[in-house]
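Structure first, commentary second.
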Amino acid sequence: MAYTSEDIKKASELFFYLLNKRILPASDTLATLYYEDNAIREIIKNMADEGGLKVLETRQNLHLVARGETSIFATTYSHMKEKYKRLERKKHFYLANIIICIYLAEIDRENSFSFRIEDAGLSYYKLEEIISNTLESWKNRNEKEETFSQDFAIAIDEIHHLWTTELSHSKEGKGGLGFSLSPQTRLGFINEALKPLEQENLIINLSKENRIIPKDELYERLEKLYHGGDRYEEIMELIKQDRRGKEVAKINED
């Protein structure tokens, strides 16, 4: 297909807007060009492919995301450390990723083991409790199953020690509003771990109100990008296994 200079100009404007903002409402005039103009849509997809990126189309939004390790925009530890100064060492990076996974497991509407979070969102204290229970369960499994950590490629001992020993409990803020956001505390580290989701406009982070609210854009990402992904499904299944075990134990107690 032959492209005009006007096609290339409009496509470039849209592509670099997406590259900067990551998400564009479908109602925006720039997004309309993508949905309605085959030439512009093809140019943008070609530009995305060259950079190892992918355009996700939904009825509400356009998303531009990296394709993981094959993308020049894929997030590595060094990039994350540069952007998020509080992720001091690799174990902080590992724990931050696990926290994001556990949060997603709780709000994912396809996950029948979630707490069915509605508009009120998930509280920081509840998420802290879930993270503690999950890491403790994995620690116990790792002690019983020699290859557990290796099989799931999770540095269990490192992140468990970081969470339980190096990070302290958070103190409530003045006037009973919020809590300490120090990265040396558990709630403060949760806040830091969720920064990528917040800065991608996928969640509303109300730390002073003790709530993390998932946005529709996050569910679009889950549906279009994460569901069906081997690593995502592997970690979700691991979290589900832990949840099943707790449910069975509770039934037996009753």
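The table for this structure:
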| quantity | calculated |
| --- | --- |
| Any hit, region 195-214, residues being closer than 27 Å to Glu136 by Cα, in a loop (DSSP other than H, G, I, E, B), modelled with pLDDT under 85 and out of contact with any His (no Cβ under 7 Å at 6 or more places or on another chain) | no |
| Residues being at pLDDT below 90 and loosely packed, with under 14 Cβ neighbours inside 10 Å - total across region 119-146 | 3 |
| Tally of residues being over 18 Å from Lys91 (Cα atoms) and not in a loop (DSSP other than H, G, I, E, B) across region 129-150 | 8 |
| Residue match in region 68-83 (condition: under 23 Å from Leu218 (Cα atoms), surrounded by 13 or more Cβ atoms within 10 Å (Cβ to Cβ) and at pLDDT 90 or above) | no |
| So Glu220, is it surrounded by fewer than 18 Cβ atoms within 10 Å (Cβ to Cβ), assigned by TED's automatic domain parsing to the domain that holds Asn142 and either modelled with pLDDT of 85 or more or farther than 21 Å from Ser123 by Cβ (or both) | no |
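Residues are listed down the side, and each one gets a yes or a no for (1) at pLDDT below 90; (2) assigned to a helix (DSSP H, G or I); (3) surrounded by 18 or more Cβ atoms within 10 Å (Cβ to Cβ):
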site	(1), (2), (3)
Ala11	no, yes, yes
Asn20	yes, yes, no
Ser27	no, no, no
Lys54	yes, no, no
His63	no, no, yes
Leu87	yes, no, yes
Arg109	yes, no, no
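The values are calculated or read from the model by the stated rules, or taken from the named source; none is laboratory data. On a predicted model such as this, the values are computed, not experimentally measured, just so you know. Positions of Cβ are backbone-derived with ideal geometry, glycine not excepted, and every protein chain shown enters the neighbour counts.
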